[in-house]
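For reference, the structure is listed below as structure tokens.
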């Protein structure tokens with residue numbers, strides 16, 4: 001919340017939020033508040049811990065480095081458009097890492113979306129990628145750069161990413177994309193919490209879990225366990241995981 005406020009990202013409320021709305025409703029309607037709350041706390045973690053959470057959420061695309069340092073985390077950085085139009089683009093987060101020995105620089109351009117529907121789109125990715133490339137063409141270039149899409153990927157994440165990347169490739173824009181749903185971020189944080197013994201680390205992880213749950217993104221073990229037996233689709237798991245249990249009017253009954 002503090003990061004969103006100091007970055008000028010919490011000054012307006014959507015028109016779908018009426019007078020007298022609770023802070024819970026305001027939070028759930030704000031992509032920026034969720035991004036600031038979740039990623040702001042994740043960046044408090046030690047580099048290797050944050051890297052493992054990202055690997056669990058994204059998958060084996062990311063190498064398993066043991067030496068990891070988070071150099072910086074910039075929220076809503078501004079880059080001039082690559083076409084010199086005078087406009088700027090603002091990714092949600094820019095994460096810069098030094099990993100391995102000898103060290104390698106890896107940057108993540110994070111674009112986050114609310115909801116489980118397919119709201120990520122090619123033009124925004126292209127503008128962010130080309131603006132970032134232009135800004136880092138000399139001097140401070142990373143060895144590897146990923147565009148990390150979080151949320152807004154639909155029920156078929158891989159197909160959504162493949163379609164957008166293919167559309168961009170047809171226009172000559174080649175980029176490295178990794179993706180995770182907010183639910184997969186929650187899964188990665190929960191797994192780290194299960195393995196964590198440091199009280200300070202556990203407090204941060206629980207805060208991230210709380211922020212994600214407030215936005216209706218939860219880790220639900222029982223659904224994962226039943227998935228293979230009952231053949232639940234990922235879309236069904238995401239829908240039930242996002243159900244607002246806290247605002248249920250009558251108590252749940254177990255039959």
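The values are calculated or read from the model by the stated rules, or taken from the named source; none is laboratory data. This structure is a prediction, so every number in the text was calculated from the model and none was measured. Ideal geometry is used to build each Cβ from the backbone, glycine not excepted, and the neighbour counts take in all protein chains shown.
Quick look at the values:
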quantity: Total residues in segment 159-183, condition surrounded by 22 or more Cβ atoms within 10 Å (Cβ to Cβ) and part of a loop (DSSP other than H, G, I, E, B); calculated: 1
quantity: Evaluation of residue 165 against (1) in contact (Cβ under 8 Å) with a residue 24 or more places away in the chain; (2) touching a strand residue (DSSP E or B) at 6+ places or on another chain (Cβ under 7 Å) (one fails), failing number; calculated: (1)
quantity: Failed item in (1) more than 17 Å from the chain's Cα centre (by Cα); (2) assigned to a loop (DSSP other than H, G, I, E, B); (3) over 19 Å from residue 43 (Cβ atoms); (4) touching a residue at least 12 places away in the same chain (Cβ under 8 Å), with residue 142 passing the rest; calculated: (3)
quantity: Among (1) more than 15 Å from the chain's Cα centre (by Cα); (2) surrounded by 13 or more Cβ atoms within 10 Å (Cβ to Cβ); (3) at pLDDT below 95, the one test that residue 201 misses; calculated: (3)
quantity: Set 178, 165: member being within 21 Å of the chain's Cα centre (by Cα) and under 15 Å from residue 52 (Cα atoms); calculated: 178
quantity: Matching option when the condition is modelled with pLDDT under 95 and surrounded by 15 or more Cβ atoms within 10 Å (Cβ to Cβ), among 156, 134; calculated: 134
quantity: Which numbered condition residue 78 fails, given (1) farther than 21 Å from residue 179 by Cα; (2) under 20 Å from the mean Cα position of the chain (by Cα); (3) surrounded by 14 or more Cβ atoms within 10 Å (Cβ to Cβ); calculated: (3)
